[in-house]
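Accompanying notes for the structure given below.
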Ligand code: 5GP
């Protein structure tokens, strides 16, 4: 998606060997028009969706844009929590955070995920796939069908896509990073 690629090239900052900072349009300040255009990019790639599932916090903005192009289907975001209080009311999974290097219990209330749901999983980044795989796990626990995973930025040199596709899950990214070279982003 050309506008996103231009934005990454102009405003993305490489941190260390494997983190891209895009806080001027995704992770702190949000470019809503760009998120809406990314949602339009996803629209023809997935059909028959009645729910969007994401994870707090950075997935929520793009997820709401994606909801709009699917006739305002509900957006459910998995919550990160230190301790699960009432396990009977929630689906729960453990997700290792690539950026925070720590594992969170992540929950979705059972009222918001049902066996009749056809889910599009949406997130800001795909790296090793831990967040997406955790969301797939929550959907599986609910008996919901995962129709695919849509991400804003995929780091193609990491294993997320491989792991998801091995589970038979379709993955679409609005931009794929091939590599970081001398502090610069090389896009596919
Ligand atoms: P994964 O679980 O696929 O390893 O990593 C995806 C999650 O970690 C996303 O939810 C995203 O918030 C965060 N993440 C992974 N890599 C990056 C990155 O390079 N930049 C930013 N800003 N977040 C990232």
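What follows draws every value from the coordinates through simple rules; no lab data is involved. These numbers were taken from a predicted model, which means no experiment stands behind them. Positions of Cβ are backbone-derived with ideal geometry, glycine not excepted, and every protein chain shown enters the neighbour counts.
Can we say residue 45 is touching a residue at least 24 places away in the same chain (Cβ under 8 Å), closer than 18 Å to residue 122 by Cα and surrounded by fewer than 16 Cβ atoms within 10 Å (Cβ to Cβ)?
Answer is yes for this residue.
Where the second residue is more than 6 Å from the ligand (Cβ to nearest atom) and assigned to a loop (DSSP other than H, G, I, E, B) and the first is farther than 13 Å from residue 177 by Cβ and in contact (Cβ under 8 Å) with a residue 40 or more places away in the chain and lies in the range 17-29, which pairs have Cβ atoms under 9 Å and are six or more apart or on separate chains?
Filtered contacts from the range 17-29: 27/57.
Filter the range 28-56 down to the residues that are within 16 Å of the ligand (Cβ to nearest atom) and within 24 Å of residue 10 (Cβ to Cβ) and list them by number.
28, 29, 30, 31, 34, 35, 38
What tally of residues in the range 97-139 results from selecting those that are surrounded by fewer than 21 Cβ atoms within 10 Å (Cβ to Cβ), more than 12 Å from the ligand (Cβ to nearest atom) and not in a helix (DSSP H, G or I)?
The qualifying residues number 7.
Find the residue count for the range 75-96, including only residues that are in contact with a helix residue (DSSP H, G or I) (Cβ under 7 Å, 6 or more places away or on another chain) and more than 16 Å from the ligand (Cβ to nearest atom).
Adding up the residues that qualify gives 3.
If the requirement is being part of a loop (DSSP other than H, G, I, E, B) and over 16 Å from the mean Cα position of the chain (by Cα), which of these qualifies: 87, 30, 49, 8?
87
So which residues in the range 151-171 are over 22 Å from residue 18 (Cβ atoms) and surrounded by 16 or more Cβ atoms within 10 Å (Cβ to Cβ), if there are any at all?
The answer is 169, and nothing else.
What do you reckon, is residue 94 within 21 Å of residue 83 (Cβ to Cβ) and either in contact (Cβ under 8 Å) with a residue 60 or more places away in the chain or surrounded by fewer than 16 Cβ atoms within 10 Å (Cβ to Cβ) (or both)?
It is true that residue 94 is within 21 Å of residue 83 (Cβ to Cβ) and either in contact (Cβ under 8 Å) with a residue 60 or more places away in the chain or surrounded by fewer than 16 Cβ atoms within 10 Å (Cβ to Cβ) (or both).
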